[in-house]
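Participant: Structure incoming, see below.
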Amino acid sequence: MRRGWHGGRTADISKGTTIPAMTKGSLRFFFDYGARGCLWAGDEATRSKLGVGPLDATVYDLQGHIAVPPRISLFRKVHSLISRLEQEYASYLNPFYPPGPSLWTQAKCERFNDNVDQLLVSLRGELGAEFVMADEQKRHTEVPTLGEFLAANPNQKPMR
């Protein structure tokens, strides 16, 4: 009799027994302001194994040393794209008047959305053997009142 891993628990595996496919972990994909990552546990089994918070983020202490390394390792190119998109995502909020409309134009929204789609394909390619990934990232469109807001606030410029 062999012992094997299945769905987060050890199962007895007898000779001649069909072994069900291993249960994949579950991830949620979305950016959250200031989180520095975009992958979150999608179910209790994944959360108990990997923890809470963005699983692809590195946490630093006050001296700048790594306090908690990322729980999911990614290729450098993918991690760089996450970092760039996370910074870009933070600019969606109006920096001069956060309750006001975003200053992103439709062209800027479409570029961001295309890059998010590209990132998601890369992440699924890299992690798809181990995880099922739910896309929960909102795709942005230009706020309908942006032109009106800019006309009333000429000191603010759209982000193209």
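The values are calculated or read from the model by the stated rules, or taken from the named source; none is laboratory data. No experiment lies behind these values; they were computed from the predicted model shown. So basically every Cβ, Gly included, is an ideal-geometry build from the backbone, and we count neighbours across all protein chains shown.
Participant: For the condition out of contact with any Phe, Trp or Tyr (no Cβ under 7 Å at 6 or more places or on another chain) and within 24 Å of residue 146 (Cβ to Cβ), what is the one hit in 70, 95?
Facilitator: Details: 70 fails: within 24 Å of residue 146 (Cβ to Cβ).
None of the others qualify; the one that does is 95.
Participant: While we're looking at this one, here's another question. When both residues are 6+ apart or on different chains and their Cβ atoms are under 7 Å apart, which pairs have a first residue that lies in the stretch 107-126 and is within 21 Å of residue 143 (Cβ to Cβ), and a second that is in a helix (DSSP H, G or I)?
Facilitator: Once the first residue is within 21 Å of residue 143 (Cβ to Cβ) and sits in the stretch 107-126, its partners that are in a helix (DSSP H, G or I) give 112/88; 115/85; 116/85.
Participant: Next question. Sort out which residues of the stretch 136-160 are hydrophobic (A, V, I, L, M, F, W, C) and assigned to a helix (DSSP H, G or I), and write them in order of number.
Facilitator: Looking only at the stretch 136-160, we keep the residues that are hydrophobic (A, V, I, L, M, F, W, C), and these are 143, 146, 149-152, 159.
Answer for the stretch 136-160, where residues must be hydrophobic (A, V, I, L, M, F, W, C) and assigned to a helix (DSSP H, G or I): 146, 149, 150, 151, 152.
Participant: Give the stretch 34-50 a look and list any residue that's closer than 24 Å to residue 138 by Cα and modelled with pLDDT of 90 or more, or say none. Outline the logic, then answer.
Facilitator: We begin by selecting, within the stretch 34-50, every residue closer than 24 Å to residue 138 by Cα; these are 34-44, 46-47.
Of everything in the stretch 34-50, those that are closer than 24 Å to residue 138 by Cα and modelled with pLDDT of 90 or more turn out to be 35, 36, 37, 38, 39, 40, 41, 42, 43, 44, 46, 47.
Participant: Also, quick follow-up: List the number of the failed condition for residue 102; all other conditions in (1) free of Cβ contacts under 8 Å to residues at least 24 places away in the same chain; (2) among the polar types (S, T, N, Q); (3) buried (at least 17 other Cβ atoms within 10 Å of the Cβ) hold.
Facilitator: Only one criterion in (1) free of Cβ contacts under 8 Å to residues at least 24 places away in the same chain; (2) among the polar types (S, T, N, Q); (3) buried (at least 17 other Cβ atoms within 10 Å of the Cβ) is unmet by residue 102, namely (1).
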